[in-house]
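Note sheet for the following structure.
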Amino acid sequence: MTLWLLVRRSLRQHLLSTIVTALAIALAGGLLMSVWAVKRQAHDTFTGQTGGWDAVLGARGSKLQLVLNAVFHLEVSPGNVPWADHLDIASNRAVALAVPLAVGDNYRGYRLVGTTTNYFTQSEYAPGKKFAVVAGGRCFEDGYREALLGSFAAQRLGLKVGDEFHPYHGLNFDPNAQHQETYVVVGILEPSNTPADRVVWIPLAGLQNMSGHDPTTAADVSAVLVKLRSPIAGKTLELLYNRQGNRLTFAWPIAEQVAYLFDRFGWFDQVLTLVAWLVALVATGSVLASIYNSMSARRRDLAILRALGARRSTVFGAIVLEAAAIAVLGMAVSYVFYFSVVAVVAAVIRAQTGVVLDPLAWDAVLLWAPAAMVALSAAAGIVPAIKAYGTNVAEGLSPES
Amino acid sequence: MPLLEITDLRKAFTAPDGTAHEVVRVPRFELEARAQVALSGPSGTGKTTFLHLIAGILAPDSGKLVLDGVEMSALAEPARDRLRATSIGYIFQTFNLLQGFTALENVLLGMSFGPGADRSRAEALLRRVGLGDRLDHFPRQLSTGQQQRIAVARALANRPKLVLADEPTGNLDAANAREALALIRGACAEDGAALLLVSHDPGVLASFDRHASLAEINHASRPPSA
């Protein structure tokens, strides 16, 4: 009780430095938790984001590029896959479902992807979860210039059922590259929190035959999404396409390709984490500086406490506890900072990839980072506490000149 | 047996030039329980050092200091701290109140290092010194006379056996000084505490039946006057 009273009063007496130092701790702690949580959640979410597919078949090239293009709707297609190859893998007994995709156009920066209705009716983007169309709309019909919009794309483009639009050529928006064809929005997908939310879906043939596209490759597709009957079959098909063949690439398993991407940028994670820890150290250093600089002003109070019978260990403990209390105050505020940062980062990631991070998701860092910051601050408080421990009572009590 | 018994107490400080300067050399001093004694002496005669030694704030270089049967000079610092908190009340010339704490908290803190904070006793003490309506006031909100009264209440809070007062009226005007002195002496008498008061005010000294000159009991050599 005595220690706590001493700490409370001291925090109040040095209110400005308490607030500034606690804010420094809040920012540093919030940054540390944000970096950690976003890193983990992004890794887990992206590597778990297979769209319900096991593999991607595409033109000879990078597996990662294939996955990013066909599953995350990022990157350009490494090339085309002849229609015959689509039919070939679709008829393979190891394959449960094969859905072709064609890319190459956009509408105001949002990618147009041509596919078949099987993508929506037969596949599950997550176990037990199928795509659903918002009431009042429907899926496009093959052979018609109809579009089904992902929820995020519809919201950002401001399109609703019945609206018409002209696609633009290429994956990047160029106002001068407008196609002549007019598409009508016939439906909007319920949010799936997958990259599909950022896509404008149209019939496969619509994209293949868009004006200005090379008619000689009109039957080709950009990639084929593959659902296997058994995971073991992936090994056989990988051998077939990647080792024995030399025209196509079979990217399997999808999660492994994304994990590979994260591994390649692992150094970046480490740099971010290091920076966050350095910021945390600087913030706890500010606790040390703040209390240490006030020690001259506290000299008399410490001497009075000692004269009243407080032991050296008591004043030592009061200073360490004060440093820890500043960190506790800061870390309480840091949660606001954490949720704000993660919400902003999640919004950016969603806008760029369609993948949704949950700012409210539990992460152990929310527990151990505050504990670490409080421990670091308490450790920083040891330096001024040693000074308090060594207070010369007789000198401290002598009238100030 | 006297409450306070001092034998051959010595304390020296090292001057900046490295030479040892003896400040206290008291061959013999005794104080009976409940006694009230005034000590006089000009500045620089080691009055405060002598009180600090009795309070256990300073450790003597040699000699024996027994308080209420406990050889204080043989105790380690934490034990001296404990003994000071429980058995000694200390009133300073500059009051030495904690400015960030209210009147009541100043008294409660004094208690917390001793037998433990007792809010009702702290309030009663402050009422007794006339500050019952100033419990939540901070020292800066009170007059110097009122601040000294808080210091008196704090010194008596742990029912000490000995109260040390170092020029307790030095910072007060004549009227407040008279009041403070009467309060200290009356409170010590009521609580059964012995009082050892240091002052160089002839008026204060004259009010005590027993007073001694520190120059008489302290045999330390005086440094040459500057």
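What follows draws every value from the coordinates through simple rules; no lab data is involved. Fair warning: this is a prediction, and the values are worked out from it, not measured in the lab. Please note: Cβ atoms are built from the backbone with ideal geometry, for glycine as well, and neighbour counts cover all protein chains shown.
A simple spin-label model places pseudo-atoms 7 Å from Cα toward Cβ; at A:Ala135 and A:His213 they are separated by 3.5 nm.
Which of A:Pro253, A:Pro215, A:Pro359 moves most in a GNM of chain A, Cα contacts under 10 Å? Among A:Pro253, A:Pro215, A:Pro359, the largest GNM mean-square fluctuation belongs to A:Pro215. At full extension, A:Ala351 and A:Ala177 could sit 60.3 nm farther apart than now, given 0.36 nm per residue minus the alpha carbon distance. Across the options A:Thr391, A:Ser17, A:Val336, the greatest Cα extent toward the positive end of the charge dipole of chain A (unit charges at beta carbon of Lys, Arg, Asp, Glu) belongs to A:Thr391. Values of log10 I(q)/I(0) for region A:164-211 across q = 0.20, 0.26, 0.29, 0.33 Å⁻¹ run -0.80, -1.14, -1.23, -1.29, by the Debye formula with one identical scatterer at each alpha carbon and no solvent.
Residues with beta-carbon under 11 Å from that of A:Ala385, excluding A:Ala385: net charge, scoring Lys, Arg +1 and Asp, Glu -1? Write out the running numbers ahead of the final one.
Numbers: positive: A:Arg312, A:Lys387; negative: A:Glu322.
Around A:Ala385, the surrounding residues sum to +1.
Counting other C-beta atoms within 10 Å, and keeping those with at most 10, which DSSP coil trypsin sites (Lys or Arg not before Pro) do you find in region A:82-163? Working shown, then result.
Values: sites: A:Arg93, A:Arg108, A:Arg111, A:Lys129, A:Lys130, A:Arg138, A:Arg145, A:Arg156, A:Lys160; in loops: A:Arg93, A:Arg108, A:Lys130, A:Arg138, A:Arg145, A:Lys160.
Passing sites in region A:82-163 are A:Arg93.
By how many degrees, 0 to 90 and rounded to 10, does the Cα axis of helix B:144-156 deviate from the longest principal axis of chain B? Value to nearest ten degrees: 80. Modelled spin labels at A:Leu3 and A:Thr273, positioned 7 Å past Cα toward Cβ, are 3.3 nm from each other.
Report the calculated FRET efficiency for A:Val344 and B:Ala175 (r = Cβ-Cβ distance, R0 = 56 Å), to the nearest 0.05.
Working: r = 67 Å, r/R0 = 1.20.
The value I calculate is 0.25.
For n ≥ 4 DSSP H runs only, could you compute -39500 (n - 2.57) per run for chain A, divide by its residues and tell me the 222 nm figure to the nearest 500? Write out the running numbers ahead of the final one.
Values: 15 runs with 206 residues, N = 401.
My calculation for chain A gives -16500 deg cm²/dmol from helical runs alone.
Taking the square roots of 5 times each eigenvalue of the Cα gyration tensor of the protein assembly as shown, largest first, gives ellipsoid semi-axes of 88, 23, 18 Å. Shown for chain A are the DSSP H helices of 24 Å or more along their axis, judged by Cα atoms, with a mean Kyte-Doolittle hydropathy of at least 0.5: A:15-47, A:266-293, A:312-353. Give the residues of region B:126-153 whose amide nitrogen is closer than 20 Å to a point set 7 Å from the Cα of B:Arg159 in the direction of its Cβ. B:126-129, B:152-153, by backbone N distance to the label point. Spin-label pair A:Arg12-A:Asp142: with each label point 7 Å from Cα along the Cα-Cβ axis, the two points sit 7.8 nm from one another.
Using the Cα atoms of chain B to build a convex hull, what is its mean projected area in square nanometres?
Working: hull surface 51.1 nm².
Averaged projected hull area, Cα only: 12.8 nm².
What length, rounded to one decimal in nm, is gained on full extension from A:Ala289 through to A:Arg108, with 0.36 nm per residue of separation minus their alpha-carbon distance? It would help to have the intermediate numbers written out before the result.
Working: separation 181, 0.36 × 181 = 65.16 nm, distance 5.30 nm.
Separation in residues times 0.36 nm, less the Cα-Cα distance, equals 59.9 nm.
Extents of region A:55-252, largest first, come to 47, 38, 26 Å (Cα atoms, principal axes, whole angstrom).
Given the rule -39500 (n - 2.57) for each run of at least 4 DSSP H residues, summed and divided by the residues of chain B, what is its mean residue ellipticity at 222 nm, to the nearest 500 deg cm²/dmol? It comes out at -10500 deg cm²/dmol, rounded to the nearest 500.
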